Amino acid sequence: MVITGNATAAYGAMLCRPDVATSYPITPMSEVAEQLSAFRANGLMETEMVEVEGENSAMNVVAGASMAGGRTFTATSSWGLSFMYDAVQHAAGFRAPIVMVIANREAPGILAVSGGQQDIISVRDAGWIQIIVEEGQEILDTIIMAYRLAEDYDIQLPVMVNYDGFYLSYMATAIEIPEQTDVDHFLATLKEQPKRQVLEPGVALGCGTHGIEKGFVELRYRQCVAMERAAAKLDEIDREFGELFGRSYGGQIEEYRIDDADIVVVASGGVAGTAKVAVDTKREQGIKVGLIKLRLFRPFPRQRLVEALNGKKAIGVIDRSVGFGWDCGPMAMELRALTPEIGIVPILSYIDGLANLDITIPHIERAIDEVQSAALGKSYQEVTWIPLEE
Amino acid sequence: MVHNDKFMFPYEGAWSDGREKLLCLDTGSWRVTRPVLDKEKCNYCSLCALYCPPQCLKDMGDHYAPDLDYCKGCGICARECPRGAISMMPEGEFADDSAKR
Amino acid sequence: MTKQKKKPKIYDYFKETEDPYAGGVAWCPGCTLELTARFVPKVLGNDIILVGCPCCAAPVLYGQNLGTWHRLSYFSSLMTGVASSATGISRYYRKIGRDATVVCFTGDGCSADVGFQPLSGAAERNERIIYITYDNEGYMNTGYQRSSTTPMGASTSTTPAGTISHGKPTPAKNVPLLMAMQGAAYAATATLSHLDDFARKLTKARQKIKEGFVYIHVFSPCVMGWRIEADMSIQVCRMAVRTNYFPLWEAENGRFRLTHEVSSPKPVQEYLRLIRKFSHLKETEINEFQQMVDRKYAVIKRLCVTE
């Protein structure tokens, strides 16, 4: 079928048979809520839909339902994510295996009704697994994989599946809807694992105890350790998904023409597709450039990145967001933290694609040229705000 | 890496467990006065037991007696008794060990 | 002295006699919240799922690491998410066909202020939950700051009686009335001096939750914050009812009824003089207070259905 990114997200959720789902409209993901409600109204889904009165409730409702034992789903964007932030952190502390899709939009801080990745960056430390997808089919497939990841007994962490608001959310592309039986089969593996602890009426177990001193530290430690386990687990799940459905995405990162590359461009989201075209063009011109599409953002795919970036002479990072205090984009800043393992290589930060401004092929080609120049030892600019240079 | 056997929580997540033992405070030690019943005046109406916030008045069949482990000495039972059968007496007048835990 | 042979009728309302709480828990001597917390499971049963938030109940309701002070199943939310988390739990159990009574238990600071949005949303969606507010007219756990149910004139730590201002300048929000107006299946007020009435209302709640949203507002004086004598907390409840400051009513699907009509209400001064947070009030202010009580009562009275 030819459907929008938002509709694709709704199909992905429906196929996983969530018990409880909530929705609150916010541009650019309102259609997710509408689509889910339509599925419910027409008997295509048995999910309890709760049309809440605000995003804060949207998250709290699914957190409660999740800790009572249900599979849950919700969706939001930018300001909605900010509004539910206390509940987002609380859900991560509970270790509730919620899956949430976010149609990325500029915020918070400066009002905008346009796409950007600031919302991803603003919740980096919430304790949620964050995956960023490139295109429509990947939204649907990643939602299915997200449930396998979130509900895994070794993980038990909530997952955010991010896709470009305004670009992917509204763009209709050809999507293959997998068979319900295949999705059921893929998720059935979870039933073979031990059951996670849930609320039960009449059983004296309390969810959300007060963490006191060492108890608090232990809870935090286990949250962090589970997060670390999620990285390799995603690779495993992605491989298994590929075997059953015939599509896989590389797990934590997708490596495009990396093996013999001298320089690398790192990007995430829809722009990765554009970047692949630029990479191909530049390759024809003789520049040995490769692309890393960053899929997993939290936990940061340290190991895989170190392996992929090993021996590379310079790195260009495209950020569709800003970070304060490091004079470079936030993803560029995180890549700088790999210096002890990859050595001191030029890392060029490109801030572009804010507020629905297009990241064009010429933008990326220009970046590749500059990264190549840096690799050859020439001086370079550490951070470039591309829209301001036009 | 911390070994699993050093963990205090048996499950992932912040769960408390009341299925076996409960935490309990020595609230009896807070008391500065204790209720004393004049059994002659008591007609077993049960109001003292109903109004007692810590619910520590134990049914003795024909009257109620405070559980001195937990009685906080608030005096509500004495105040509410319709027959004035309960008086709050200073702890100092009791030589027993009930105030010590 | 003749001994009563039978226990009072109130015991008929009790589903459960085993107290799920530990004997000694950290509530102040004379605390009406303690009485409420121990009373509710007697009528509703020990198999309820309590949903709470940081408030005066939290130090006892919440566990401490693995330990806990009670044997009730509970879910700790933040103040912003009580009614909404309860919604999620209730909806899930309904979906899987499991019989579970979800009871929200919070102070007025949550219901009237920071948790009002989800409360109003849950009421409007007619969620199958029982929401019990213990109204101690302020944020007591954090040091007796004012909330929107603090009455006009009350001296609190954020509306202290000083030379320029004389206590809270605005009247209280009437949360149970708002819930009834939202069309809750059952909305009621209750207090600790009238335990039969409270027990009957909790029993009603157990039935009405099958139809929709239930809200019970419990007048629950705070010994510390209001500066009343520890042994007077029940008497303060009683005077609140006898002066019509806190009328006892219920509204079943919008049909109002006073459950305890006071034939000759006492002047509100009889209530105010028991509570030191009002000790600074001048005669003019007490008269204003009386007028406010009369106005508030008149609204409820007018809403009552006459058969």
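Values quoted throughout were computed directly from the atomic coordinates according to the rules given, and no laboratory measurement underlies them. Worth saying up front: this structure is predicted, and the values here are computed from it rather than measured. Because the Cβ atoms are built from the backbone with ideal geometry, glycine has one as well, and the counts that use them run over all protein chains shown.
Quick notes on this one:
- Packing-based ranking, highest mean first, of A:107-115, A:9-17 given that Cβ atoms within 10 Å are counted: A:9-17, A:107-115
- Residue-averaged [θ]222 nm for the protein assembly as shown, counting only DSSP H segments that reach four residues, each worth -39500 (n - 2.57): -10000 deg cm²/dmol
- Considering only A:Val161, A:Val265, A:Val183, the Gaussian network model of chain A with Cα springs below 10 Å gives its largest mean-square fluctuation to A:Val183.
- Between C:Leu35, C:Leu192, C:Leu272, the Gaussian network model of chain C with springs among Cα atoms under 10 angstrom shows the greatest mean-square fluctuation at C:Leu35.
- Once you reduce segment A:235-312 and segment A:53-112 to the center of their Cα atoms, the two points are 29 Å from each other.
- Relative exposure of A:Ser78, A:Ser321, judged by other C-beta atoms within 10 Å (fewest first): A:Ser321, A:Ser78
- Antiparallel %, DSSP beta bridges [both residues in segment A:253-389], to 5: 20
- Cα gyration tensor shape for chain C, rounded if a/c is under 1.5, else prolate or oblate: rounded
- If only the Cβ of Lys and Arg carry +1 and only the Cβ of Asp and Glu carry -1, the dipole of segment A:63-159 around its Cα centre is close to 280 debye.
- In a reduced charge model with +1 at each Lys and Arg Cβ and -1 at each Asp and Glu Cβ, the protein assembly as shown shows a dipole moment near 3420 debye about its Cα centre.
- GNM remark for chain C: springs join alpha carbons under 10 Å apart, and the peak mean-square fluctuation among C:Asn244, C:Asn46, C:Asn287 falls on C:Asn287.
- DSSP finds beta bridges in segment A:2-245, and of those with both partners inside it, around 15 percent are antiparallel.
- Summary of the geometry: segment C:108-137 and segment A:158-202, compared by the centres of their Cα atoms, lie 32 Å apart.
- Taken over the Cα atoms of segment A:253-389, the convex hull encloses 104 Å³ per residue.
- Nearest 10 degrees, 0 to 90: helix C:82-95 Cα axis against chain C principal axis: 30
- DSSP beta bridges in the protein assembly as shown [antiparallel fraction, %, rounded to 5]: 35
- C-alpha long axis of helix A:136-150 to longest principal axis of chain A, angle in °: 60
- Extending 7 Å from Cα along the Cβ direction at A:Trp385 and again at B:Arg19 yields two label points whose distance is 5.8 nm.
- Ranked C:Thr156, C:Thr142, criterion: other C-beta atoms within 10 Å, fewest first: C:Thr142, C:Thr156
- Under a model in which nothing but the beta-carbon of Lys, Arg (+1) and Asp, Glu (-1) is charged, segment B:38-93 shows a dipole of about 200 debye around its Cα centre.
- Cα pair distances exceeding 14 angstrom across segment B:38-93, given as percent: 49
- Along the axis of the charge dipole computed for chain A (Cβ charges of +1 for Lys and Arg, -1 for Asp and Glu, origin at the Cα centre), the listed residues A:Ile344, A:Met171, A:Leu81 are led at the positive end by A:Ile344.
- Three-way shape label, segment A:51-191, alpha-carbon gyration tensor, a/c 1.5: oblate
- Separation between Cα centres of segment C:27-63 and segment C:169-200, rounded to whole Å: 18
- Cα gyration tensor, chain A - rounded (a/c under 1.5), prolate or oblate: prolate
- Residues A:Ile361, A:Ile253 arranged by fewest to most Cβ contacts within 10 Å: A:Ile361, A:Ile253
- For segment C:150-286, the convex hull spanned by the alpha carbon atoms encloses 118 Å³ per residue.
- Annotation: for a label point projected 7 angstrom from Cα along Cα→Cβ of B:Ala65, residues of segment B:5-40 with backbone N closer than 20 Å are B:27-29, B:31, B:33-40.
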